[in-house]
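**Q** Could you have a look at this structure, given as structure tokens, before my questions?
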Amino acid sequence: MLNEVVVATLSRLWEEALGEPVIDIDADFFELGGDSLMALTIATRAIDAGIPMPRSGVLRRSTIRELAEAVENPALFQHI
């Protein structure tokens, strides 16, 4: 089960970066128009918000669902 707080926080950060509401937590960040600089900014802001993830988190797990799952099971950040 996904942590609702993590999903909500990541959704808010994606919306801020992309300038559009997040409709689908399975949508790929890069297919929505995100780039690597935005991904690093989101990861940094997520870390600042207390979400434990590597700075390369969005680069490795590019959907909100994948990120939220990896936050719960950090080994997933190692397996792409």
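**Q** Going through the range 6-43 one residue at a time, which ones are open to solvent by less than 50 Å² (accessible area, probe 1.4 Å) and either polar (S, T, N, Q) or without any contact (Cβ under 8 Å) to a residue 12 or more places away in the chain (or both)?
**A** Correct list: THR9, SER11.
**Q** Oh, and also: When you scan the range 34-60, how many residues do you find that are modelled with pLDDT under 95 and farther than 22 Å from ALA75 by Cα?
**A** 0
**Q** Also, quick follow-up: Within the range 47-71, count every residue that is without any contact (Cβ under 8 Å) to a residue 24 or more places away in the chain, more than 10 Å from the chain's Cα centre (by Cα) and open to solvent by 50 Å² or more (accessible area, probe 1.4 Å).
**A** Residues flagged as without any contact (Cβ under 8 Å) to a residue 24 or more places away in the chain, more than 10 Å from the chain's Cα centre (by Cα) and open to solvent by 50 Å² or more (accessible area, probe 1.4 Å) within the range 47-71 amount to 5.
**Q** A further question follows. Taking the range 52-80 on its own, how many of its residues are of a type in the set (A, V, I, L, M, F, W, C) and touching a Ser or Thr at 6+ places or on another chain (Cβ under 7 Å)?
**A** Total satisfying the criteria: 2.
The values are calculated or read from the model by the stated rules, or taken from the named source; none is laboratory data. In this text the structure is predicted, and so the values were computed from the model without any measurement. Backbone-built Cβ (ideal geometry, glycine too); neighbour counts: all protein chains shown. Protein only, heavy atoms only, side chains kept; ligands, DNA and RNA dropped before computing areas. Shrake-Rupley method; radii C 1.70, N 1.55, O 1.52, S 1.80 Å.
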